[in-house]
1. Collect the residues in the stretch 50-67 that are at pLDDT 95 or above and in contact with a helix residue (DSSP H, G or I) (Cβ under 6 Å, 6 or more places away or on another chain), keeping them in residue-number order.
2. All but one of (1) surrounded by fewer than 18 Cβ atoms within 10 Å (Cβ to Cβ); (2) free of Cβ contacts under 8 Å to residues at least 60 places away in the same chain; (3) in a strand (DSSP E or B) hold for R211; which doesn't?
3. Given the condition assigned to a loop (DSSP other than H, G, I, E, B), at pLDDT 85 or above and among the aliphatic types (A, V, I, L, M), answer yes or no: does some residue in the stretch 175-188 qualify?
4. Could you check, for the stretch 222-236, whether at least one of its residues is surrounded by fewer than 16 Cβ atoms within 10 Å (Cβ to Cβ), more than 27 Å from E43 (Cβ to Cβ) and under 16 Å from the mean Cα position of the chain (by Cα)?
5. Restricting to the stretch 84-121, give me the number of residues that are surrounded by fewer than 18 Cβ atoms within 10 Å (Cβ to Cβ), at pLDDT below 90 and either touching a helix residue (DSSP H, G or I) at 6+ places or on another chain (Cβ under 6 Å) or of a type in the set (V, I, T) (or both).
6. Taking the residues in the stretch 142-174 that are out of contact with any Phe, Trp or Tyr (no Cβ under 7 Å at 6 or more places or on another chain), of a type in the set (V, I, T) and buried (at least 17 other Cβ atoms within 10 Å of the Cβ) as candidates, determine which candidate is modelled with the lowest pLDDT.
7. Being small (G, A, S) and buried (at least 20 other Cβ atoms within 10 Å of the Cβ) is the filter here, so list the residues in the stretch 189-205 that pass it.
8. On the basis of being touching a Ser or Thr at 6+ places or on another chain (Cβ under 7 Å) and in a helix (DSSP H, G or I), does L251 make the cut?
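The values are calculated or read from the model by the stated rules, or taken from the named source; none is laboratory data. No experiment lies behind these values; they were computed from the predicted model shown. A quick note on method: Cβ atoms are made from the backbone with ideal geometry, for glycine too, and the neighbour counts reach across all protein chains shown.
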Amino acid sequence: MTARSASTRARSASTRARPIDYNGVMTGTEQIEIERKYDVDDEAAVPDLVGVGVGAGAGAGGGAGRALEVARVELDPAASLSATYHDTPDHRLLGARVTLRRRTGGHDAGWHLKLPPEVAGGGRREVHHPLGADDEPVPAELLDRVAALLGTGGGGDGVGDGAPALRPVLLLETRRTAHHLLDHEGRELVEVADDVVRATRAADGRVRAWREWEAELGRGVDGPEGDALLDAVAPRLHAAGARPSAHRSKLALGLGD
């Protein structure tokens, strides 16, 4: 296992996403997130995943898919992430499987809007917007994306128009160690993130802490072969003490919903 440089991490992150044109201005990026979450105890250690893979044609229906095999693992230094989640008082976004957060730290700091899959069984869509000042409001582009859920016509935060306003509902502080599973050409197949999480609920200050692993497919690894690869990774994670996550998201667990 080798350490991964900051420049390599930045290149990988930048190639995963496509640019977004908002009113004629390139404002951010959008990507598809395909991941599986696992609950783990404090004593668990991420196992050796070298050699995990699937043969050509793996996945439903077979076919001429590529053979995918983990040749080596690169390890990031632990990173501290801080994310403030925004929602309505009745958690209208969460109820629609939508999350909106402003995150600092790590290689993808910024505003992140996660939307449900466009097709059944697909990955969640994740829209990224650049990080601005600490006191900046929710970007207009992201508000427009959730306008129907908020009961607004877009372009506003719901204040004064009878719709519930977005407000901070949860502070999530995460210590993340990322394991990058690479093939023989150095292409990332999967990222396994080892997260130690502390969540503070804005409404009453209640704190909840836990640890979880996330296995997320790399750029260009999707469809049946991507599912098959995550299926191949799962037994080794299970043997190391991981259990399929009992909660929908970090936000849902932190809020207690």
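1. Matches in the stretch 50-67: V52 only.
2. Against the list (1) surrounded by fewer than 18 Cβ atoms within 10 Å (Cβ to Cβ); (2) free of Cβ contacts under 8 Å to residues at least 60 places away in the same chain; (3) in a strand (DSSP E or B), R211 comes up short only on (2).
3. Initially, the stretch 175-188 is screened for residues assigned to a loop (DSSP other than H, G, I, E, B), giving 183-187.
Among the residues that remain, those that are also at pLDDT 85 or above are: 183-187.
Checking which are among the aliphatic types (A, V, I, L, M) leaves us with none.
No, that holds for no residue.
4. yes
5. 2
6. T152
7. Filtering the stretch 189-205 down to residues small (G, A, S) leaves 193, 199, 202-203, 205.
Answer for the stretch 189-205, where residues must be small (G, A, S) and buried (at least 20 other Cβ atoms within 10 Å of the Cβ): A193, A199.
8. Spelling it out, L251 is indeed touching a Ser or Thr at 6+ places or on another chain (Cβ under 7 Å) and in a helix (DSSP H, G or I).
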